[in-house]
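The values are calculated or read from the model by the stated rules, or taken from the named source; none is laboratory data. Computed from a prediction, not measured in an experiment: that's the story for all the values here. All Cβ positions, glycine included, derive from the backbone under ideal geometry; neighbour counts span all protein chains shown.
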Amino acid sequence: MTLAVSILILEVWVIVHLLVYTVLTGISPVPTTPRVRSKMLEAAPGEVEGMILDLGSGWGSLAFAFARKYPRSRVVGYELSPIPWCFCLVRLWLRPQPNLAFRRIDFHNAPFKQAGLIVCYLFPGGMHELKPKLERELNAGCLVISNTFSVPGWGSDRIHVADDQYATPVYVYAMNRKGPSAQTSDPEPLSKWCPLVGELYS
Ligand SMILES: C[S@@+](CC[C@H](N)C(=O)[O-])C[C@H]1O[C@@H](n2cnc3c(N)ncnc32)[C@H](O)[C@@H]1O
């Protein structure tokens, strides 16, 4: 077998793996863009009490950035898709970040009890499935920061709007003893209709 054929087989294998896990999880490992990531970092507090969890860590775009911002907090990226997960392990080996780890598991089976901050970039169905677990397990004081997709039925404390061509919303939720701090219906991301709105609440 020639080298070219081996490379072709490897490429097909990688693509098939990525496609299979996209179907299984409902979302491809598309990364959070740098502008949205900056907005998420900006939306996060100065200090985080407890662990930082990236639910579906993909290629590590959020996990690495949050681990760098919070060197004293333990950051864990949960990812089911093997190739992005392996990529993150190699990335971590090349650029060690002592407070960061990646686990290849379904985040629905991971404990959230010690979380002080949850970050995610999922999809509407994923947020819907995640909601009962968040309500069951998150402690008062924990923050949830979600790229693009809101938690259905939770009114967010703040919606930041990224400085990109889609005016991507970043939803911020703070848990209190009774659950998310404002249980109102989701506000429409005004920025989708009026890009000049900029930051809605900050
Ligand atoms: C859109 S990507 C976001 C990646 C990264 N968090 C970022 O923002 O750059 C979503 C990732 O979530 C992963 N994912 C979806 N459902 C999952 C689950 N139940 N458990 C673990 N990973 C999951 C997918 O495999 C995908 O890599």
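What the table shows:
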read-out	value
Residue satisfying all of: in the range 49-102; of a type in the set (Ser, Thr, Tyr) and under 16 Å from Thr32 (Cα atoms); surrounded by the most Cβ atoms within 10 Å (Cβ to Cβ) among these	Ser57
So Phe123, is it at pLDDT 95 or above, closer than 19 Å to Thr32 by Cα, among the hydrophobic types (A, V, I, L, M, F, W, C) and near the ligand (Cβ under 8 Å from one of its atoms)	yes
Out of Ser73, Ser81, sole residue that is closer than 22 Å to Asn109 by Cα, hydroxyl-bearing (Ser, Thr, Tyr) and away from the ligand (no atom under 15 Å from the Cβ)	Ser73
Matching residues in the range 84-102 - criterion: being within 15 Å of the ligand (Cβ to nearest atom) and among the hydrophobic types (A, V, I, L, M, F, W, C)	Trp85, Cys86, Phe87, Cys88, Leu89, Leu92, Leu100, Ala101, Phe102
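Residue-by-condition table, conditions (1) near the ligand (Cβ under 10 Å from one of its atoms); (2) on the phi < 0 side of the Ramachandran plot; (3) in contact (Cβ under 8 Å) with a residue 24 or more places away in the chain:
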| site | (1), (2), (3) |
| --- | --- |
| Ile7 | no, yes, no |
| Val12 | no, yes, no |
| Ser28 | yes, yes, no |
| Lys39 | no, yes, yes |
